[in-house]
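First comes the structure, then the notes that go with it.
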Amino acid sequence: MSEREFQPLRIAVLTISDSRTEADDKSGNWLRDAVAEAGHQVVEKTIVPDDIYQVRAVVSRWIADPALQVVVSTGGTGVTGRDSTPEAVAPLLDKQIEGFGELFRQLSFEEIGASTLQSRCIGGLANATFVFCLPGSSGACRTGWERILKPQLDLRTKPCNFTMLIPRLNES
């Protein structure tokens, strides 16, 4: 069996925050840099306020673009009044990947204990585009990227990974 070669993906990064700017967007900038460092192409990186409709507008535009393969967001997954990322994104998903949030919270529990209950991160598929919503803290972004997304978005990860499924996402 031949070894698989790395396949760079086209990924967009979205920060959801009422207070961050490009200058102080620690989590979003870290994700952008980590995605690029892993060898993927960062197609776009933007910031939107914690507003269901603004989040939904950006994610909708991205999932409508057939050239974009992955959307990763940071922020808005908590339980406070303005945290609405899951409510914004979930209706756009064709399929949810329930294990993403479950695995994230399991890994996060090792780092922050029961506080991980406050994370409502989700993942899924929309129009053959993977969408993953991470919490806003840079530690949570690091956990989600390094321990879940980076290996799953690498064609070389065995026994299986999300990248190897991309050619089959539009099967009927």
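The values are calculated or read from the model by the stated rules, or taken from the named source; none is laboratory data. Keep in mind that this is a model prediction, so the values were computed, not measured. Positions of Cβ are backbone-derived with ideal geometry, glycine not excepted, and every protein chain shown enters the neighbour counts.
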**Study point:** Extreme residue, surrounded by the most Cβ atoms within 10 Å (Cβ to Cβ), among residues of region 145-163 that are in contact (Cβ under 8 Å) with a residue 60 or more places away in the chain and not in a loop (DSSP other than H, G, I, E, B)
**Key:** Leu149
Exercise for review: Test Arg142 against the stated conditions and say whether it is over 20 Å from Asn29 (Cβ atoms) and either more than 11 Å from the chain's Cα centre (by Cα) or of a type in the set (Phe, Trp, Tyr) (or both).
Suggested key: no
**Study point:** Unique match (being polar (S, T, N, Q), in contact with a Phe, Trp or Tyr (Cβ under 7 Å, 6 or more places away or on another chain) and more than 26 Å from Leu165 (Cα to Cα)) among Thr21, Thr77, Thr116
**Key:** Thr116
Check your understanding: In region 52-87, which residues are hydrophobic (A, V, I, L, M, F, W, C) and within 14 Å of the chain's Cα centre (by Cα)?
Key -> Val55, Val58, Val59, Trp62, Ile63, Leu68, Val70, Val71, Val72
Practice item. Tell me, yes or no, whether region 13-23 has at least one residue that is buried (at least 19 other Cβ atoms within 10 Å of the Cβ), among the charged types (D, E, K, R) and modelled with pLDDT under 95. Key: yes
